[in-house]
1. List the residues of the stretch 1-25 whose backbone N lies under 16 Å from a point placed 7 Å from the Cα of GLU60 along the Cα-to-Cβ direction.
2. Tally up the carbon and sulfur contribution to the accessible surface of the stretch 37-177 as a whole percent, 1.4 Å probe, everything protein left in place.
3. GLU265 to GLU158: FRET efficiency via 1/(1 + (r/R0)^6), r the Cβ-Cβ distance, R0 35 Å, to the nearest 0.05?
4. Taking all protein chains in place and a 1.4 Å probe, what share, in percent, of the accessible surface of the stretch 194-267 do carbon and sulfur account for?
5. Which aspartates and glutamates, if any, have their Cα less than 20 Å from the Cα of LYS188, not counting same-chain residues under 8 positions apart?
6. Just subtract the alpha-carbon distance of GLN12 and VAL237 from 0.36 nm times their residue separation and send over the number in nm, one decimal.
7. Over the stretch 181-239, with the other protein chains present, what is the accessible area per residue in square angstrom, probe 1.4 angstrom?
8. Please report, to two decimal places, log10 I(q)/I(0) for the stretch 225-295 at q = 0.14 Å⁻¹ as given by the Debye formula with identical point scatterers on the Cα atoms and no solvent.
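The values are calculated or read from the model by the stated rules, or taken from the named source; none is laboratory data. Everything quoted here is computed from the prediction, not taken from an experiment. Neighbour counts are summed over all protein chains in view; Cβ atoms, including those assigned to glycine, are modelled from backbone coordinates with ideal geometry. Calculation scope for accessible area: heavy atoms of the full protein, side chains included, ligands and nucleic acids excluded. Shrake-Rupley method; radii C 1.70, N 1.55, O 1.52, S 1.80 Å.
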Amino acid sequence: MTARPRVLSGIQPTADSFHIGNYLGALREWVRMQETHDCFYCVVDQHAITTEHDPGVLRERTFTSFAQLLAVGLDPERSTIFVQSQVPEHSQLAWVLECQTGFGEASRMTQFKDKSVKGGAERSSVGLFTYPILQAADILIYQANAVPVGEDQRQHLELTRDLAQRFNGTFGQTFTVPEPMIIKETAKVVDLQEPSAKMSKSAPGGCVFLLDDDSVSRKKIKSAVTDSEREIRFDPVGKAGVANLLTMQQALTGRGMADIVASYEGRGYGDLKSETADIVMDVIAPIRARTRELLADRAELLRLMALGADRARATASITLRDVYEKVGFIPV
Ligand code: TRP
């Protein structure tokens, strides 16, 4: 038995590669938390079918996402790393939780509202609507104490807490009520071409992907938008492009900002860009190499997925049995 608090988090396999923003904003924290927590991390492929998708692409992205989780330093010996659809208890619990969620309550989720404006509510899937409840199931099935997520997930976490408290109130103590662990965006990385926007896979020109070739990423960093001054100082409001490059350097080297800025005294944006590119490449090149190695051995990846799923199910099945019993289902 471990006395460590438990965390669970998930990431969607909706891109061919994670990017440096995912790495600094989430994955690197996940790796660090292995020192202090009992960690469960999953590739949430079931969430990835809530909008239109291609099956072959999804399968490939699930492999690639899983491989990248290992490549950044998540350790399948210490942590439980798995693919959501391989653990059927998530959907089984989600159904029970859906029956505890008010229609109005679910309708207030802003992410659904945002995502459904694209195709219109009429054409959005019911799965997109119930997405946050599946997410609640992901968390509650493991009795997680904390959930490291970005600010955009705060409302889903609130719903998760409400559902846990409601279920406990109605059926007796069943779920741990998880705390959101909003990852402080000390290293908030913005779009290289559009520094007013967060770096995102949907704007690939300003996004540094972990799996792109060095030459591609280097070129993106070297053509980062800056400003018409020449001075290098850290001013995220007035000089967002320059500040972004400095932020990446700080986040990846751990050096103090004042120290980094001082090292550019009398030097120009060209140096700042090429040195930032060097620092970024030093970090992502080994991740890319390791990911490729892992992807070349599908049998080994499948084995590691099965190991994670087995471990996850050992915990998830205990919660599910309790829930089924409490709501009045007859055990087989
Ligand atoms: N909705 C989360 C996101 O888009 C992904 C996710 C699914 C998740 N299930 C989760 C995050 C459980 C934390 C815990 O980022």
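1. Backbone N within reach: 13-18.
2. Details: 3040 of 5870 Å².
Reported share for carbon and sulfur atoms: 52 percent.
3. Details: r = 47 Å, r/R0 = 1.33.
Efficiency, from the Cβ-Cβ distance: 0.15.
4. Details: 1980 of 3810 Å².
Carbon and sulfur together cover 52 percent of it.
5. GLU29, GLU151, ASP152, ASP227, ASP235, ASP259, GLU275, ASP278, ASP282
6. Taking GLN12 through VAL237 to full extension adds about 77.9 nm, to one decimal.
7. On the way: 3450 Å² over 59 residues.
Per residue, the stretch 181-239 has 58 Å² of solvent-accessible surface.
8. -0.46
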